[in-house]
Amino acid sequence: MSTHSTSPSTHSTSLSTYGFDGHWRELAASVTSPGEPGRVTVVDRGSCGVGMETGFRHVRTSRHNVCTGDWVVVDNETVTAVLPRRTAIVRATAGGTSASQTLASNVDTVVITVAADVGLDLGRVERYLALAWDSGATPLLVVTKCDKSSAASFLVDGLLSAAPGVSLATVSSVTGDGIDELLGLLVGTTAVIGPSGSGKSTLANTLVGEGALDTGDVRAADSKGRHTTVRRELLRMPVTGQCIIDTPGLRSVGLVASEAGLHQTFSDIDELAGLCRFNDCSHRSEPGCAVRDAVDPRRIANYHRLERENHWATTRRDARENQKRLAEAKAISKAQRRMYKARNEW
Ligand SMILES: Nc1nc2c(ncn2[C@@H]2O[C@H](COP(=O)(O)OP(=O)(O)O)[C@@H](O)[C@H]2O)c(=O)[nH]1
Ligand SMILES: [Mg+2]
Ligand SMILES: [Zn+2]
């Protein structure tokens, strides 16, 4: 990588406003690929938008698999390297296949939006929490649309019981209540995830400034019966100088072999398990179960359910890896046989 950039670092497109720090400087300098570093702000088919020291560019992704939030090296309008991800939000795609999708990378804070004006689905929140914890970033629960409901404090109690160790903020993008407090809780790059219609884009707009992203209101105007955020887009928040990534609502949030994320999400159950009478207590019907004594049956059931799902995801992944190893071993022995044969014939 050459380092003869002459742009002043105070320029609004300077890399530091995208979160460029010593870590990325070192990594970018260590790759052998030619070019300048930049951050992927949006991904299209075969191309992506990249914020660079010299400004925003649309470049070819070439054979590289990039996602919003990635740090890349760009040369000749083409991505030449993707720097190793520090964190990544990865979900299993729908349909029971073993495929996975990376929603955003190099995220420090994962905001999970929960709308105050609809029924609270704690099971879904726990699922989002497992996804967030597993990314390596820190989850943060945000109750949105507080202007529309007087039940927000009731909601907060429920949420806190399902999210040990997770901070929580309540906001309204309409009145601006809680927005400054939320800004104070956001660390580094933030990704906003949550159900469709829960106010993600509106919140991102509020944090960034007006008109930056499409929201449901716009959709109502063009009368297409679909949610409007189809792209994950990284934007810079002028107030704090940090970045935020809006994501589309997910139809399904499948877990991909996320043991660590599950244990962090259900850390209360893990801790109490030490007090159960039996070492291998499943917290289902054993006598002397400290977990059943203290934890909501709904939460225990969801823990079992997500554990089962995680187990299947892990089994599928292991089977896939075994198959790959087997195929590789076969290819090698075939090549060896061919070599011996050629040698003998010679
Ligand atoms: N009253 C109220 N409505 C909101 C608030 N935030 C979002 N909305 C509305 O909720 C709908 C869905 O918002 P949107 O940001 O598109 O949700 P997304 O699908 O999660 O991105 C839109 O009609 C917004 O105007 C809020 O704080 N208060
Ligand atoms: Mg949206
Ligand atoms: Zn138990």
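The values are calculated or read from the model by the stated rules, or taken from the named source; none is laboratory data. In this text the structure is predicted, and so the values were computed from the model without any measurement. Cβ placement follows ideal geometry from the backbone for every residue including glycine, while neighbour counts extend to all protein chains displayed. Quick note on the areas: whole protein, heavy atoms, side chains included, nothing else; ligands and nucleic acids left out. Shrake-Rupley method; radii C 1.70, N 1.55, O 1.52, S 1.80 Å.
Tabulated results
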| read-out | value |
| --- | --- |
| Extreme residue, farthest from ligand 2 (Cβ to nearest atom), among residues of region 244-286 that are open to solvent by 70 Å² or more (accessible area, probe 1.4 Å) and within 20 Å of ASP134 (Cβ to Cβ) | GLU271 |
| Residue in region 295-318 that is in a loop (DSSP other than H, G, I, E, B) and either in the same structural domain as GLY123 (by TED's automatic domain parsing) or open to solvent by 70 Å² or more (accessible area, probe 1.4 Å) (or both) present | yes |
| Conditions (1) over 24 Å from LEU103 (Cα atoms); (2) open to solvent by less than 40 Å² (accessible area, probe 1.4 Å): number failed by ALA163 | (1) |
| Residues (open to solvent by 40 Å² or more (accessible area, probe 1.4 Å), of a type outside the set (Asp, Glu) and assigned to a loop (DSSP other than H, G, I, E, B)) located in region 65-92 | ASN65, ASN76, PRO84, ARG85, ARG86 |
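Residue by residue, here is whether (1) at pLDDT 90 or above; (2) loosely packed, with under 13 Cβ neighbours inside 10 Å; (3) in contact with a Gly (Cβ under 8 Å, 6 or more places away or on another chain) holds:
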| site | (1), (2), (3) |
| --- | --- |
| THR3 | no, yes, no |
| THR6 | no, yes, no |
| THR10 | no, yes, no |
| THR13 | no, no, yes |
| TRP24 | yes, no, no |
| GLY38 | yes, no, yes |
| CYS48 | yes, no, no |
